[in-house]
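Reviewing the structure listed below.
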Amino acid sequence: MQGTTILFSEMTPPPGREEEFHAWYDEEHVPLRVGVPGFVSARRYRDTGEGAKGFLAVYEMDAPDVLRSAAYEEVKGKPSALTRDMLASVSGFTRYIGQEMAVRRRAEGDAPAALDAPLLYAVWFQVPEDRLADFDAWYEQDHVPLLMESPDWLMVRRFRINDGEPLPFNRLALHYLADRAALSSPAREKARATPWRARLAAEPWFKGSYSVFEAIRPRQKPAR
């Protein structure tokens with residue numbers, strides 16, 4: 001169910017058409033894409049931010065090249081009338097392609113359960129090229145190990161963003177949580193209070209974008 005590349009895509013339904021939006025997404029949009037060779041699975045989420053009305057789909061793929069395959073171009077290039085109408089009507093669109101750099105789980109045997117955690121905490125950064133090595137080392141060696149001291153922190157996956165819109169992020173961390181309590185846990189407080197983080201946080205570029213998403217559908221997998 002887990003690939004090494006993700007497609008992270010958000011949309012907000014047109015006003016008054018949320019039910020139709022979900023039917024289209026569940027019955028047409030996602031099944032067509034996970035049917036393309038190289039797609040592994042997809043899961044849908046709801047943005048839980050105050051006043052948020054958007055929905056997220058995270059597609060798992062074998063490699064970025066899947067999105068350049070003839071099979072994917074066939075799906076993308078020949079949309080149905082409903083798809084054309086819906087894509088022209090949605091708002092809040094984001095689309096990012098990420099390649100997995102690192103993954104940390106509570107235990108290797110927990111991979112399927114972690115991937116299907118009820119909450120997904122997404123953290124984005126735009127890191128200057130000359131600060132990437134220090135930032136990546138801090139996240140892997142200092143930040144993630146402390147976060148994982150919380151029993152509700154099931155998995156952390158880090159991605160290099162090679163392409164995306166609308167903002168020029170180049171790093172994404174997806175945190176798979178068993179409970180929202182993880183975000184107010186002593187482990188997170190500890191992870192945010194280290195000297196290494198304080199040094200990075202003093203730099204002007206250290207401004208993350210944070211969102212919490214709640215899973216709304218079971219994972220969809222190819223029928224093949």
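The values are calculated or read from the model by the stated rules, or taken from the named source; none is laboratory data. These numbers were taken from a predicted model, which means no experiment stands behind them. Positions of Cβ are backbone-derived with ideal geometry, glycine not excepted, and every protein chain shown enters the neighbour counts. Calculation scope for accessible area: heavy atoms of the full protein, side chains included, ligands and nucleic acids excluded. Shrake-Rupley method; radii C 1.70, N 1.55, O 1.52, S 1.80 Å.
List the extent of the Cα atoms of the stretch 55-99 along each of their three principal axes, largest first, rounded to whole Å.
30, 23, 11
For the stretch 113-188, build the convex hull from the C-alpha positions and give me its volume per residue in Å³.
On the way: hull volume 7.6 nm³, N = 76.
Hull volume over Cα atoms, normalised by residue count, gives 99 Å³.
Just order 165-174, 16-25 by mean Cβ neighbour count inside 10 Å, highest at the front, would you?
On the way: 165-174: 16.2, 16-25: 14.3.
Ranking the peptides 165-174, 16-25 by packing returns 165-174, 16-25.
Above 22 angstrom, tally the Cα pairs of the stretch 74-167 and express them as a % of all pairs, no decimals. List each step's numbers first, then the result.
Details: 2084 of 4371 pairs.
Of all Cα-Cα pairs in the stretch 74-167, 48 percent lie more than 22 Å apart.
Counting only DSSP beta bridges with both residues in the stretch 82-224, what percent are antiparallel, rounded to the nearest 5?
Working: 30 of 30 bridges.
Beta bridges within the stretch 82-224, antiparallel portion: roughly 100 percent.
Carbon-plus-sulfur fraction of the accessible area of the stretch 1-93, 1.4 Å probe, in percent? Don't skip to the end; give the middle numbers.
Values: 2250 of 4310 Å².
Its accessible area is 52 percent carbon and sulfur atoms.
Relative contact order, percent, of the stretch 91-182 when contacts are C-alpha pairs under 8 Å separated by at least 6 residues?
Averaging sequence separation for qualifying contacts and normalising by length gives 47 percent for the stretch 91-182.
Gain in length, residue 23 to residue 221, computed as 0.36 nm per residue apart minus the alpha-carbon separation, to one decimal in nm?
Stretched fully, the residue 23-residue 221 segment lengthens by 69.6 nm.
Tell me the label only: which of (i) 12.7; (ii) 10.8; (iii) 15.0 is mean projected area of the Cα convex hull in nm² as calculated from this structure?
Computed from these coordinates, mean projected area of the Cα convex hull in nm² corresponds to label (i).
For the chain, modelled as a Gaussian network with Cα springs under 10 Å, which listed residue fluctuates most, 33, 84, 180?
84
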